[in-house]
Amino acid sequence: NPVSVIAHSHGGQVVAYAASFGLMINKVVTVATPVRSEIPYDRLSAMSESWAHIYGGKRDYVQIFGELKAMNFRFLQREMPLADVNICEPEANHSELHVPELWDSKHWWSLVL
């Protein structure tokens, strides 16, 4: 049966790999997940009914430098090109994006419920 998933940072990469092995996902929300060219985000897109990606502003150094290790210098990219929805929270850093009060105030729970 399909599942709904909220995945923060590297967890978004893990769920993309799980989708590449056939995990059926109803709804997925990746939060501050680094955009990396070697991650099978195309499978995540294909295996999920809906995908929302939430990312922070320039204070989120972890997410914006996610591609630097791969020496692919698209390291300022924060949006997920294959996600159905990209949501920017410009004042948030990497850790602030998973605070429940922020999710309550922005009604982000509706993305997975």
**OP:** Just the number, please: carbon plus sulfur as a percent of the accessible area of the chain, 1.4 Å probe, no ligands or DNA/RNA counted.
**Re:** 60 percent
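Over the range 14-65, what is the relative contact order in whole percent, taking alpha-carbon pairs under 8 Å and six or more residues apart? Please list the in-between numbers first.
On the way: 65 pairs, mean separation 23.3, N = 52.
Reported as a whole number, the value is 45 percent.
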**OP:** Compare V29, V99, V14 in a GNM of the chain, Cα atoms joined below 10 Å, and give the one with the largest fluctuation.
**Re:** V99
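Taking a probe of 1.4 Å, how large is the accessible area per residue of the chain, in Å²?
Working: 6070 Å² over 113 residues.
Result: 54 Å² of accessible area for each residue.
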Original post:
Using modelled amide H (1.01 Å from N, peptide plane; none on Pro or chain starts), what sits under 5 Å from the amide H of S4, excluding residues fewer than 5 places away?
Top reply: N26, K27
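The values are calculated or read from the model by the stated rules, or taken from the named source; none is laboratory data. Please read these numbers as outputs of a predicted model, since none were measured by experiment. Just the protein is used for accessible areas: all its heavy atoms, side chains included, with ligands, DNA and RNA removed. Shrake-Rupley method; radii C 1.70, N 1.55, O 1.52, S 1.80 Å.
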